[in-house]
Structures are given as C-alpha cells and as structure tokens.
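Following: one structure in structure tokens, then a few remarks.
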Amino acid sequence: MSAAELATMAITAMTTGIASGAGSAVVDEVRELVRSRLGESDDGRSAMERFETEPGADGAANAVRDRLVLVLETDREFSSRLWAALQPPTRPPQPPTAVTQGIHIGGNANRSTIVIGPVQLPRTKGVVIALTTVGVVLAVLCVIGLRSALDSITDDGGPGDRRGSGDVRKVAALKDSAAVEAVLPDSGSLPAGWKVTQAAKVTEGIPDNCSSACEGATFTATVRYENEQPSAGAFFYIQAFDTAGHAAQRFKDLRADQDMSIYSPMSLPRMGDESIAYRKGIVNAESAEAGVLIGTVVTWVTYRTSSGELSPSAFASLARMLSDRAQQAQNGTTPFARAEF
C-alpha cells in the first residue's frame, strides 16, 4: 500500500470516527499517533490543530494528509505502527451479503444515515466531508475493512509499497507534444494565488542548449509560475525520451553537472525511480531544486522564496505533483495531480 493510501485511511478514520469497522478506541489510537508525529514540526502541528478545530475548513484535511504522506514515506517504523492501528479486530468471516451491499442514504424525520455495506454512519457534516474529501471508494474500503480488496490493488498490502492502485508504474514514451504539455501544471494544479509568468513552451527534439547527454530526447517543456503572498516562484521543466535508458542517462548527467560549491544536498521523500534535491541560500531569499527520473521522463523543479524561509513540504509537494503527472501521462491517463500546501 502506498503512503498516500495509508494517509487517506487515517484521515477517513479521524474524520468519520470509524476505522476499518473498528470502534472508537481504534480511532483514538490513530488520532493520537498522527497528532504526536505531526506535532514534531511547527507546520505539522499547525495543520493538525486546524484540522481538529475545523475539520470542514477548506483544505484542512488535505493539509494534514500531505504532511502525513511525507512522514510515512520517510519513517517506516511510524508507517508500520499506523498501519497496525488501522487494522480491524479479528472477527468471524462475514456472509457474502455483508460486502455486496451498496451505498444508501436514508432515514426519517428524526434520523438520517449513510449506509455503506454493513455499517451505518450518522449523516453528519464530518462524515459527509470525509466521504467527499478522500473519495467514496477509499472510504468504503476503510469502513468495511475489505482487506481482500486492498490486497487486490496492491502487491503485498504492506506499508510503503508504491505499486498500489493510484500509483501504477507503467513505462512508456510520450508520443506527441500535447501529451508532454499536459504534464506541465496548469492553474488548477497549484494553490490559489499562483499565476503563470512564463507561458508553457514545448520544443521537439534535442534542445540546442543541452549541456549533457540528451540522446533520445523527444520533447522538452517548461512553464514558470509566481505567487505574490508569500512571495515565491517555481520553474517546471520536463524532458521526455524515447526510452527509459536514455532518460536514466540524462538524469545521471544532470546530477553530475550540479555545482556543489553553491548547492547543498536537501532531504526530500524518494520520488519516482530516482530523485535528488538541493538547496542554496541567496541574500534575503532561498532557492531549491529537485529532479526526478520517472520512466521515460525527467522532471525538474526550481523553487525560490523571497522570505528566506523555504518550506520543504511545499517544495516537496511541487516536485511530487510534477513527477506524478509525468507518471500519469505514461499510464495513459490525462495528468491530474496537484500540489497542496
């Protein structure tokens, strides 16, 4: 199971008050685990406090989920503990009819419910928010505890597995400029306030200014966005190749070309097949770069802030958004990943 799926299960449990068909004690344990771990950082603690105070506030659940994903991808011990906490207690096998029921919304003048399989939920604002925020399908899996269904969409069902549903890893060359341009973020892929300052551009073939191995390059695409408050900017670069081998060689050369006299390594969660990140201090500002090799595509994000306080979680969200969109394009899906921070 991917970190994103595990984080979604935890958010669903904390919002609806149920976890895999288990009782409130399980939910309390999940909430305490998440609260304690996110509380180790100021932004994590702030996000969790807002989520617990105003679970229906715009972006509150997603903010906690994004920070939880970052933690789960780097802390395997915590990932295992959270996975264990979300498991339902041992119980006798249920008759087939218990898992073939659909989703029903009903009730009478005194009581309204949402019925998912064998579980009845009160139709409260918190429950409705959870189902719409994390998606009805995942919520159903969490509520009914269909471990067999989860196993069918993952290889081994364990935490940290990045080959589950929603994280399919196909390797395919992007055949045309439209497919490559679609990987670039659009206005809906970034938080409110970010605006295009350098329009999307796609060039075919090997770029004239390619300084290192570009054999097999088919398309190069770029776009730049800026945000006024807080002042920040991001330059997105992707290069598509005819084969994964050529993409891997390009990524290797880009790593070797980095001037480590002005950059220092930066720790970010692993992304794609390989990923790297660097940062450097500038007078009254900070800059960071992250590169990801993912199948036949190399992605690169350059992020800078004028406040001198570069947010690793925001930077990681931008880099993951771009690499996820590259993977989605290779999967044959119109890219839809977006950054949340």
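Observations
- Checking Gly272 against (1) within 27 Å of Pro230 (Cα to Cα); (2) assigned by TED's automatic domain parsing to the domain that holds Arg224; (3) part of a loop (DSSP other than H, G, I, E, B), the condition it does not meet: (1)
- Residue check for Val283: modelled with pLDDT of 95 or more, more than 12 Å from Pro185 (Cα to Cα) and β-branched (Val, Ile, Thr): no
- None of Tyr263, Tyr278, Tyr237 is without any contact (Cβ under 8 Å) to a residue 24 or more places away in the chain and of a type in the set (Ser, Thr, Tyr) except Tyr278.
- Checked against (1) closer than 20 Å to Ser313 by Cβ; (2) surrounded by 20 or more Cβ atoms within 10 Å (Cβ to Cβ); (3) touching a helix residue (DSSP H, G or I) at 6+ places or on another chain (Cβ under 7 Å), Pro269 passes all but condition (2).
- Considering only residues in the range 208-263 that are assigned to a helix (DSSP H, G or I) and basic (Lys, Arg), the one that is modelled with the lowest pLDDT turns out to be Arg255.
- In this entry, Gly56 passes the filter for residues that are at pLDDT below 75 and closer than 30 Å to Phe315 by Cα.
- Summed over the range 18-39, residues that are surrounded by fewer than 18 Cβ atoms within 10 Å (Cβ to Cβ) and modelled with pLDDT under 85 total 4.
- Of residues in the range 292-339 being in a loop (DSSP other than H, G, I, E, B) and among the polar types (S, T, N, Q), the one surrounded by the fewest Cβ atoms within 10 Å (Cβ to Cβ): Thr334
- Among the residues of the range 187-207, those that are assigned to a loop (DSSP other than H, G, I, E, B) and farther than 20 Å from Glu289 by Cα comprise Ala192, Gly193, Gly205, Ile206, Pro207.
- Pick from the range 272-291, criterion acidic (Asp, Glu) and under 18 Å from the mean Cα position of the chain (by Cα), ranking: surrounded by the fewest Cβ atoms within 10 Å (Cβ to Cβ): Glu274
The values are calculated or read from the model by the stated rules, or taken from the named source; none is laboratory data. Since the model is a prediction, treat every value here as computed from it, not as a measurement. Note that we place each Cβ from the backbone using ideal geometry, even for glycine, and neighbour counts take in every protein chain shown.
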